[in-house]
Structures are given as C-alpha cells and as structure tokens.
1. If you go through segment 92-102 one residue at a time, how many are buried (at least 18 other Cβ atoms within 10 Å of the Cβ) and assigned to a loop (DSSP other than H, G, I, E, B)?
2. Could you please find all residues in segment 297-331 being basic (Lys, Arg) and either touching a Gly at 6+ places or on another chain (Cβ under 6 Å) or surrounded by 21 or more Cβ atoms within 10 Å (Cβ to Cβ) (or both)?
3. Under 30 Å from Ser113 (Cβ atoms), surrounded by 15 or more Cβ atoms within 10 Å (Cβ to Cβ), of a type in the set (D, E, K, R) and at pLDDT 95 or above: which single residue out of Asp181, Asp164 fits that description?
4. Give the number of residues within segment 421-449 that are touching a residue at least 40 places away in the same chain (Cβ under 8 Å) and either in a loop (DSSP other than H, G, I, E, B) or closer than 20 Å to Asn341 by Cα (or both).
5. For Ser174, are the conditions met, namely being touching a residue at least 12 places away in the same chain (Cβ under 8 Å), in contact with a Pro (Cβ under 7 Å, 6 or more places away or on another chain) and surrounded by fewer than 18 Cβ atoms within 10 Å (Cβ to Cβ)?
6. Can you go through Leu223, Leu206 and tell me which one is buried (at least 19 other Cβ atoms within 10 Å of the Cβ) and either out of contact with any strand residue (DSSP E or B) (no Cβ under 6 Å at 6 or more places or on another chain) or outside any helix (DSSP H, G or I) (or both)?
7. Has segment 267-290 got any residue that is at pLDDT 95 or above, of a type in the set (Val, Ile, Thr) and on the phi < 0 side of the Ramachandran plot?
Amino acid sequence: MLHTLLGAKGFRQGSDLYFERHDGQAVTCDDFIKAMEDANGVDLAQFKRWYSQAGTPRLAVSEAYDAAAKTYSLTFRQTCPATPDKVEKLPFVIPVALGLLAADGSELPLRLSNEAEAAGTTRVISVTEAEQTFTFVGIAAKPLPSLLRGFSAPVKLSFPYDRDQLMFLMQHDSDGFNRWDAGQQLAVQVLQEMIGQYQSGAELVLDPRLVTALGTVLDNEQLDPAMVAEMLSLPGEAYLTEISEVADVDAIHAAREFARLQLAEQLHAPLWRRYQANREQSKATPYVAEAEHFARRALQNIALSYLMLTGKPDVLAATLDQFDACDNMTERLTALAVLVNSPFSADKAKTLASFAEHFKDNPLVMDQWFSVQAASTLPGGLERVRALMEHPAFNFKNPNKVRAVIGAFAGQNLINFHAADGSGYRFIADIVIRLNAMNPQIASRQLAPLTRWRKYDAKRQALMKGELERILASGELSSDVYEVVSKSLV
C-alpha cells in the first residue's frame, strides 16, 4: 500500500495537490489518503508528511550482530535537511524493502524478534521514527544486508559497505536495482581513489575488485542483458563532478578514461564474446521495437564502446561492419560515435561523410551527427566545434542545431570545455552575447555550464566568473539572460 501511495500520479493546481484515480477522476490529497485509510483500515496521517514537508529524507543505517544470541539488528536513523519553509522536520513513513545475504550468496529467511516464524526472504519494514531498530532472529552467521530493494522509497540511503561487500552484492544480490547500485558505489569509490592518485602524481592503479565484479556480471548469461549493460556503465564525468567538493576536471577525465581502458583490456575476452553473440543475433533478426531487442543492442553497444578503446584491428573491422550493415539508428550511431572518439581509426572522416550524405535530408538525425562530434573528448574539441558551425547543415538561428553543437560541447565535453586557458568559457560567452538579441531563451540555457563556476578550482572559477561579468557588461541584455547571469554572480 505504501508503494502505491508513493507511486501515485499527482499534480498541483495552485497550492493544492491532487491525485488521479484509476478512473481518471482527480481527487485532493486528503481525499485520496482518506480513501486509502478506509480501504485498508489504517491511519495514514503520518504518511501525509511526504506531501506537506519539502526535502528528500536521508536514511542512515547501522548494524549489530550477536553471535551468541544469533540475532542481527539494523538501526535506521532518518533526517531531512532544512528547507526555507521549515527547519525541523517530523519523521516520515519510509518503506524499506530488504533482504539478508549469507556468505554463499543465498538469501536468508527473515523473522523479526516479535514473530513466530519467518516470512520470506524479502521484507518491507516501515521506518516511522527518527531512530528505530529492527532485530532478526535465527541468524547463524553475520549476514550482508541488501537495503532499499527496488528503490522502495525515494530517500538517500547510507550504509558503510566496504569494497568487498559491494563486490559481493554485485555478484550475488537477486535484486536488480541493488546490484546496479552496488556497482555504482564501488565504481565511485574506485574512481575517487584514482582521482586522488592523479592529483598526487602517483601511478594510476585500478582496483581489481571492480574488474572481478564486472567480469562476473559479464559471464552470467542468466542476467537481463539490459541490466548487464547498465552495470557496465561507469559513473559519468558530470556525476563525478557533481559529487566532488572541488571538481578537478583533468583528474576526473584521466581517472575515468584509464579505468575504461583497463576494463577493456582485462575483460576483452568476455566483452568480445558478448558483443559477437549479440551482433550475430542482430544480423539474423530484423529490427523490432521490443524490450528484448533493446536490451540486446544496449549490451552489444556498450561492449563495443569498451572494445574500441583497445584499438585492435578485428574490433575496428567489426565496428565498420556494424556501421555499414546495421538496420537501425541505435547501432549505426554507436558505431559512428566509437569511431569518432577513437584515436586509432583512420576511417572516421570517410564514415562521417557517408553518414551525412545518407541522412542530409533528415534534420533530426543530422543533429545527432553534430552532437557526436561536438561531444568527442579527443584533443581539439573547440576547433571541431568551430568547424561544425561552418558546415552547410548548421544554422545558428535554429535552436536544435545550437543545442546539438554548442550545448553538446559545453554540457557533455567537459575536458575540452574546461580547457585550462579558458578558451571554452570565452567561446560560450561569445555565443551567449550573440544569441541574446536573436533568441534569449536559448541564450540563457547555454549559460548553465558557466553558472556552476563555484564547483571548480580557483583558477577556473576566476575565468568562468570573468566571462559572466563580461556578458553582464556587454550591453542591453534580455530579461532571460540578465536574470541567469546576475543571479549566478550573487
């Protein structure tokens, strides 16, 4: 029932919150919850805090195991950051789906201390107090908790998993979401360690546990290919920037690219095997817009993006074959992108020309052609963007083209946009000044990367702030651009 409430489709009219019933009728929040109370015979007054208190709850979890009593306890502490409307927040009702894993990866039957018998291996418990402990009995050895299965509540969860535990969850957890989340946590920890290595001038070393865990995932043919593809996707540079106190663009890029190359080399055999198997299926089966086909292509394409990092001739040949022989845009664009981003490919100019000639009359597809090149992280990114702006298919007055080239460069190509000499910042400022009178809305949106200047080191902060000040002093600004620039400088 709590899942139903959290997932209910809601919308606002003025300051009032409404829900859409299964018959399409709109009801107020109070009426909706009252109906749920009547139908289930429960009091949901506390649950309404999800709709009356702003902010995302944080749930910190700690554990305790008593070997003599064979009990395992989890203590949940919930908080919610202060918001302008309210400093002190009352406890929410937080449904937490969880399981406990034994040392062999099997899932333990769960029986709480006040229960006569176990009730399954996945339980949903309701955390309703600021601090609350749940004790499971009949636990012969200390288990590993799998928490917030299926993302059972929209909270920020923290539990002190170490890397061995995260690797174990990646390899054994039956819950797809937690398996993926463990992989993301492990990858972040490994990448942050390597960022520190780069900053200190030390040799970059990839933690072998990440290689082992992803190798296990690749070898498991029973897993959904879509989930395997997601687990192979390392956290992006934008996310690593966001979670950094001070973002070191060069260190983030170097660490992530080194990790990708190491994974490509050390997992080459399983990646190549999975790529070939999925590609053969794609060749044998005409394109169909179905989930099974989407999943197969997702795994095929991410495997190819890793394999091309090695520069092996057989991989290059397979990439060119995929580009030439595929029957869908997903495979063709992936092949184009890995060729464009590869320093080993001598065929990229020919491939780009072939793509442009084939799709020159399809503006939306050409937008993708522009974006693939503008987002390429190889050196010389700004020069490529300037050249793209001279292409006959580019139109500065067309918002889609501006987003495809300039937006992709500033938003996706962080290593080139944040060039140490500030050339990327000057370029964007020039673009905004030029767009200001032509299309103020698009101009204001291109400003977004510059407004995050506080996230970076002192030198980059000064360069980004200087360009914002130059825009502000450039003459009469539209209200859209003025609002964004002036607020970002406060």
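1. Qualifying residue count for the region: 2.
2. The answer is Arg297, and nothing else.
3. Asp181
4. Residues flagged as touching a residue at least 40 places away in the same chain (Cβ under 8 Å) and either in a loop (DSSP other than H, G, I, E, B) or closer than 20 Å to Asn341 by Cα (or both) within segment 421-449 amount to 6.
5. When the stated conditions are applied, Ser174 does not pass them.
6. Leu206
7. no
Here is a yes/no grid of residues against (1) closer than 18 Å to Leu74 by Cα; (2) in a strand (DSSP E or B); (3) more than 19 Å from the chain's Cα centre (by Cα):
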site: Ala141; (1), (2), (3): yes, no, yes
site: Gly150; (1), (2), (3): no, no, no
site: Gln165; (1), (2), (3): yes, no, yes
site: Phe168; (1), (2), (3): no, no, yes
site: Trp180; (1), (2), (3): no, no, no
site: Gly183; (1), (2), (3): no, no, no
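The values are calculated or read from the model by the stated rules, or taken from the named source; none is laboratory data. The shown structure was predicted, so the numbers you read here are calculated from the model rather than taken from an experiment. Glycine also receives a Cβ, built like all others from the backbone with ideal geometry; neighbour counts cover every protein chain displayed.
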